[in-house]
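As structure tokens, the structure follows; a few thoughts come after it.
The values are calculated or read from the model by the stated rules, or taken from the named source; none is laboratory data. Values in this document were obtained by computation on a predicted structure and should not be read as measured data. Glycine gets a Cβ as well: all are built from the backbone with ideal geometry, and neighbour counts include every protein chain shown. Areas reflect the complete protein model, heavy atoms only, side chains present, ligands, DNA and RNA absent. Shrake-Rupley method; radii C 1.70, N 1.55, O 1.52, S 1.80 Å.
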Amino acid sequence: MALHKEWLLPFASVIRKHAIGGPAFALGDQQTLFTAPYALKRLGAAGLIANPGAQISPDHIHPECISFRSVLGLLGIDGYTDIDMNGHASLNIDLGKPLPEEHYGIAGSVFDLGTLEHVFDIGEAFRNICRLLRPGGSVIHFSPITAYNHGLWNVTPQLFFGFYGINEFDVLDQGIIFPPFYTLWSSLVGPVIKQETVRKRSGGRFVVRVDSQSKAFQYFCNFCFHPARMYLFFAARKRSSSSDVKTFYQV
């Protein structure tokens, strides 16, 4: 449940390109894994800072890092609420149970940065995203495709295309993101350098992004190997005002 270095620019780019705004709700007690100077440098170089005067505060778990609220502020998003069951979030809600009706249609944006794979009833969690979003609201996912023993689920792109397609969402952006040198770095450098140093220095620059619908990449993954730390990036916008959430089967 954290915004990684290699996710920062795709995350910020889709927010700025499609004018995604608040009120923003994060699934999970969100953290970041990079410093404020890093965020300012990368976002500034890409021309993605909407509010240069945004207040910068430290992450509540890693105080040397920037808070997720501050990243949203730099991107021009105000009104932030997180949802978790750990006692630290603003809303104490079990995403595996139906969302209370008073929260229907209140979100301008929902961010899932590695949370849904930890929810046993992942289908109900998807339905709750639809219920939470108002018409015109957007959702952004970063969900694991290859994460051994991390969470309960690894997903495939067809889950997102199928579910959001049948529930009248427009796809804003999508892709598969992974750092190709992560495995080499972690295996060679990790045992020598303290984990905190590795976390601060690795990732962010050498990142591969491919189309999640690429048949060639699908065959490569199925018959050769899956790259490590491969995550699906998916952003979509809700068209319908209906609270009747549909489910589907892959055919």
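With the requirement that a residue be surrounded by fewer than 22 Cβ atoms within 10 Å (Cβ to Cβ) and touching a Phe, Trp or Tyr at 6+ places or on another chain (Cβ under 7 Å), what does the stretch 70-91 give you?
Correct list: THR81 only.
Which of the following residues is outside any helix (DSSP H, G or I) and closer than 30 Å to PHE163 by Cβ: GLY53, GLY123, GLY108? Show your work before the answer.
Numbers: GLY53 fails: closer than 30 Å to PHE163 by Cβ; GLY123 fails: outside any helix (DSSP H, G or I).
Sole residue among the options that is outside any helix (DSSP H, G or I) and closer than 30 Å to PHE163 by Cβ: GLY108.
State which residue is surrounded by the fewest Cβ atoms within 10 Å (Cβ to Cβ) when the search covers only the stretch 44-63 and only residues that are within 23 Å of THR115 (Cβ to Cβ) and out of contact with any Phe, Trp or Tyr (no Cβ under 8 Å at 6 or more places or on another chain).
Only one residue tops the list, namely PRO63.
List the number of the failed condition for SER13; all other conditions in (1) open to solvent by less than 20 Å² (accessible area, probe 1.4 Å); (2) under 17 Å from the mean Cα position of the chain (by Cα) hold.
The one condition SER13 does not meet is (1).
Identify all residues within the stretch 106-132 that are farther than 20 Å from ALA2 by Cβ and in contact with a Gly (Cβ under 7 Å, 6 or more places away or on another chain); write none if there are none.
ALA107, GLY108, PHE120, ASP121, GLU124
Contact list please: Cβ distance under 8 Å, first residue in the stretch 100-126 and free of Cβ contacts under 8 Å to residues at least 60 places away in the same chain, second residue assigned to a strand (DSSP E or B), pairs at least six apart or on different chains.
What qualifies is HIS103/LEU91; GLU117/SER143; GLU117/PRO144.
What is the residue count in the stretch 92-118 for residues that are of a type in the set (Val, Ile, Thr) and buried (at least 21 other Cβ atoms within 10 Å of the Cβ)?
Of all residues in the stretch 92-118, those of a type in the set (Val, Ile, Thr) come to 93, 106, 110, 115.
Then drop every residue that is not buried (at least 21 other Cβ atoms within 10 Å of the Cβ), which leaves 110, 115.
Here the count works out to 2.
Within the stretch 184-232, how many residues are part of a helix (DSSP H, G or I), modelled with pLDDT of 90 or more and among the aliphatic types (A, V, I, L, M)?
Residues in the stretch 184-232 being part of a helix (DSSP H, G or I), modelled with pLDDT of 90 or more and among the aliphatic types (A, V, I, L, M): 1 in total.
Any idea which residue in the stretch 220-251 is most open to solvent (accessible area, probe 1.4 Å), counting only those that are touching a Lys or Arg at 6+ places or on another chain (Cβ under 8 Å) and of a type in the set (A, V, I, L, M, F, W, C)?
Of everything passing the filter in the stretch 220-251, VAL245 is most open to solvent (accessible area, probe 1.4 Å).
Report the residue count in the stretch 120-132 for those that are touching a helix residue (DSSP H, G or I) at 6+ places or on another chain (Cβ under 8 Å) and open to solvent by 20 Å² or more (accessible area, probe 1.4 Å).
Selection size over the stretch 120-132: 2.
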